[in-house]
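The structure appears below as structure tokens.
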Amino acid sequence: MPFKRKDLLGLRDLAVDEIEHILDTAFSLKEINTRSIKKVPTLRGKTVIHLFYEPSTRTRTSFDIAAKRLSADTYSIAGSSSSMVKGETFLDTLKNLESMNPDIFIIRHSASGAPHRLAARTPVSVINAGDGMHEHPSQGLLDMMTILEKKGRLDGLTVLIVGDIAHSRVARSNILGLNKMGARVVACAPPTLLPADLSLMGVEVCFKVDEALPDADVIMVLRLQTERQQQMLLPSLREYSICYGINRSRLAKAREDAIVMHPGPVNRGVEISPDVADGPQSVILDQVTNGVAVRMALLYLMGQGESSRAAAQREESV
Ligand code: CP
């Protein structure tokens, strides 16, 4: 089944069969990452440009590894080392890069909607690697892959998201994706860290984490996104940690087979204690491993998209 989209901007846009197709592809490509020679020629001759205007460890590295393992050529532009510091506009920068004929742009930006602006103005495929407080679709996909791998299904599971949901693009992509795939999503945070539109998104809200834990199959812990908070939303980090931090005694209230997830970066001792982050129920590093496979799947499907879209157009015109 060809992937017919030019861009991946968010999980809101994707149908269930498209999500399933990406995850199936990721599961089949994952094995390449365990070979002694971790490289296949699938995207030889394709060019991927990373445009990271915000810090990243996992997303940037895993997209780069994913592209290289598929034999694509990759180039990186960081905000601080681009000519934008000399006054060039975002769109001028992108039009100049587009003139070098890349196949895929991967963009992370602090402004919600920046990847959409780019995608509307370029024939190059665009993948959103996290835009402001909006979406982080590859993270949502790798989280769903990890849940599927550990639990065997998404449909009917209860996923408890604990933390700064209001400022989290990871939470938004997970909510959109998990809802489509039939999971029950419960959000737990102080009221100042919950967005207003949660019930419209089909999410149940809970203010007391101890009451929500016993039902959870998956506990997804989020960092406090202080870089996006405009004002003091909590009395103190210590109080947040006491009321909402996932530590060993709190985790004992959950089922023994509940898994603990975190997209990273982790603030140990704030939203999660080190013994839980490193404990037997944690799948945090499995998420990172699956991140490479999911990003390989996206690059593979979208890198081939140009030829399959052209073939589909030819078929339609016959
Ligand atoms: N999860 C995530 O997006 O991590 P990075 O910010 O390190 O890419």
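Values quoted throughout were computed directly from the atomic coordinates according to the rules given, and no laboratory measurement underlies them. If you're wondering where the values come from, they're calculated on a predicted model, not measured in any experiment. Here the Cβ is made from the backbone with ideal geometry for all residues, glycine too, and neighbour counts use every protein chain on show.
I'm checking a number: the convex hull volume of the Cα atoms of the chain, normalised per residue, in Å³. What is it? Let's see the in-between values first.
Working: hull volume 45.8 nm³, N = 318.
Cα-based convex hull of the chain, divided per residue, equals 144 Å³.
Restricted to Cα positions, what overall size does the stretch 15-96 have along the principal axes? Three whole-Å values, descending.
44, 34, 25
Only four residue types carry charge here, +1 at the Cβ of Lys and Arg and -1 at the Cβ of Asp and Glu. Report the dipole size of the chain about the Cα centre in Debye, rounded to the nearest 20. Let's see the in-between values first.
Values: 38 positive and 37 negative charges, 144 e Å.
Computed charge dipole of the chain: roughly 700 debye.
Which value, to two decimals, describes the C-alpha radius of gyration of the stretch 78-235 once divided by 2.2 N^0.38 Å?
It is 1.20.
How are the C-alpha pair distances of the stretch 236-296 spread across 10 Å bins, as whole percents from the shortest bin up?
Once binned at 10 Å, the Cα pair distances of the stretch 236-296 give 22, 48, 24, 6, 0.
Could you sort 115-122, 260-267 so that the peptide with the highest average Cβ count within 10 Å comes first and the rest follow in order?
So the order, starting with the most tightly packed, is 260-267, 115-122.
Under a 10 Å cutoff between Cα atoms, tell me which one of 237, 157, 222 has the largest fluctuation in the Gaussian network model of the chain.
237
If the limit is 30 Å between Cα atoms, which of 95/180; 38/180; 4/86; 39/180; 180/208 go over it?
Violating the 30 Å limit, Cα to Cα: 95/180; 38/180; 4/86; 39/180.
Counting only C-alpha contacts under 8 Å and six or more residues apart, can you give the relative contact order of the chain as a whole percent? Don't skip to the answer; put the middle values down first.
Details: 580 pairs, mean separation 68.2, N = 318.
Dividing the mean separation by the residue count of the chain yields 21 percent.
Can you give the convex hull volume of the alpha carbon atoms of the stretch 128-216 per residue, in Å³?
84 Å³
For the stretch 184-268, what does the convex hull of the Cα positions come to per residue, in cubic angstrom? Don't jump to the answer; show the numbers that get you there.
On the way: hull volume 9.1 nm³, N = 85.
Considering the Cα atoms of the stretch 184-268, their hull volume per residue is 107 Å³.
D for the stretch 1-154, whole µm²/s, Stokes-Einstein with Kirkwood Rh over alpha-carbon pairs at 4 °C and 1.567 mPa s: what number?
In µm²/s, the coefficient is 79.
In what sequence do 241, 199 fall when counting other Cβ within 10 Å, fewest first?
Going from least to most buried by this count: 199, 241.
When a/c is below 1.5 the answer is rounded, else prolate if a/b is larger than b/c, else oblate, so apply that to the stretch 1-59 with a ≥ b ≥ c taken from the square roots of the Cα gyration tensor eigenvalues.
In terms of gyration-tensor shape, oblate.
Could you work out, for the stretch 159-310, what percent of all Cα-Cα pairs fall into each 10 Å distance bin, beginning at 0 Å and stopping at the bin that holds the largest distance?
10, 39, 33, 12, 5, 1
How high is the FRET efficiency from residue 33 to residue 153, r the C-beta distance, R0 22 Å, rounded to 0.05?
Once rounded, the FRET efficiency stands at 0.40.
Using only the alpha-carbon atoms, how far is helix 169-180 inclined from the longest principal axis of the chain? Give it as 0 to 90 degrees, nearest 10.
90 degrees
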